[in-house]
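The values are calculated or read from the model by the stated rules, or taken from the named source; none is laboratory data. None of these values were measured; they are calculated from a predicted model. Note that each Cβ is placed from the backbone with ideal geometry, even for glycine, and that neighbours are counted across all protein chains shown. Just the protein is used for accessible areas: all its heavy atoms, side chains included, with ligands, DNA and RNA removed. Shrake-Rupley method; radii C 1.70, N 1.55, O 1.52, S 1.80 Å.
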Amino acid sequence: MINIKLSIILSAYNVEQYIAKTIESLANQTVKDFEVVAVDDHSTDNTLQILKELEAKYSFLLVVCHAQNAGVSAARNTGMQLTSSQFITFVDGDDWVEPNYVEYFLTQFAENPTLDLVSCGFFIDSKNGKSKPQTEKKGLGLVDRDDAIKQIIKMSGSVMGYTWNKMYRRSIIDEHKLSFLTDLALMEDQVFNVEYATVAKGFYLNDIPLYHYVSRKDSITKKFDMENAKNIGMATMKVYKTIHQNSKEEREQRAETKD
């Protein structure tokens, strides 16, 4: 029996049409050893009301609300501050998960205690309800840090820079004081993943699709403007700066070992 505690941080903003399905998919998990901290980012629709109704229904659900809209990074940071579990993952309020989503992750960590990061594959759900799985032909399984980072920064495949198809060890986040950058509106999750991966050691990547990413036309990732271009540029610079700094530190450590 799996008895590892997991916190799922759920960020929600104006997702009244989707949030109930998200929570119900979590309620239907085959393994129940988890909590959900849902952070409403000061929605202007009925998202918070729906969450409150679901909170009264499900004991695993805790709902908090930002006093003002602060963005998805701030919502995730708030959620992390309210939890103290051994493992953490993230879900967006307009997506949903397969019934064995939690079981898959906790099983991997239970069977291999040296792992620090585990990933799964995902579906892209179109507006007409069709689900298309994203697959990766090679480079998965137990991998080293370099290969994990290569998969994280790829712009295609089943790993990429998302946080909702990965589970993290809480002690690493705390030890290195990791958080999401609130001055980025795009690719903040990729930056977080690279920062985490540079200090983690054990990686297991799999393309079994367990998360449903719902593609929405009004999503910020679908809007192409100068501000988005600026965010992408800033995030990319941060990612490669982190990778370069880590490579430099590793070279210095190897040199010290030789001496």
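Numbers below:
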item: Prolate/oblate/rounded label for region 94-151 (Cα gyration tensor, a/c 1.5); result: oblate
item: Two-site FRET efficiency, residue 177 against residue 84, from Cβ-Cβ distance with R₀ of 22 Å, rounded to 0.05; result: 0.90
item: Linear extension gain, residue 58 paired with residue 46, 0.36 nm per residue minus alpha-carbon span; result: 2.5 nm
item: Accessible surface of region 100-143, 1.4 Å probe, proportion on carbon and sulfur as whole %; result: 53 percent
item: Overall form of region 64-212 per C-alpha gyration tensor (a/c, 1.5; a/b vs b/c); result: rounded
item: Apportionment of accessible area to carbon and sulfur, region 6-67, percent (1.4 Å); result: 51 percent
item: Residue-wise HN-Hα coupling along region 191-198, computed from phi with Karplus coefficients 6.51, -1.76, 1.60 (Hz; x: Gly, Pro); result: 4, 4, 4, 5, 4, 5, 4, 5
item: Of 5/177; 132/154; 21/52; 5/137; 32/166, those spanning more than 22 Å from alpha-carbon to alpha-carbon; result: 5/137
item: Cα shape, region 1-86, gyration tensor, a/c 1.5 rule; result: oblate
item: Virtual spin-label span in nm between residue 126 and residue 114, 7 Å along Cα→Cβ; result: 4.4 nm
item: Model label zone, residue 208; criterion: amide N under 20 Å from point 7 Å along Cα-to-beta-carbon; scope region 165-180; result: 165-169
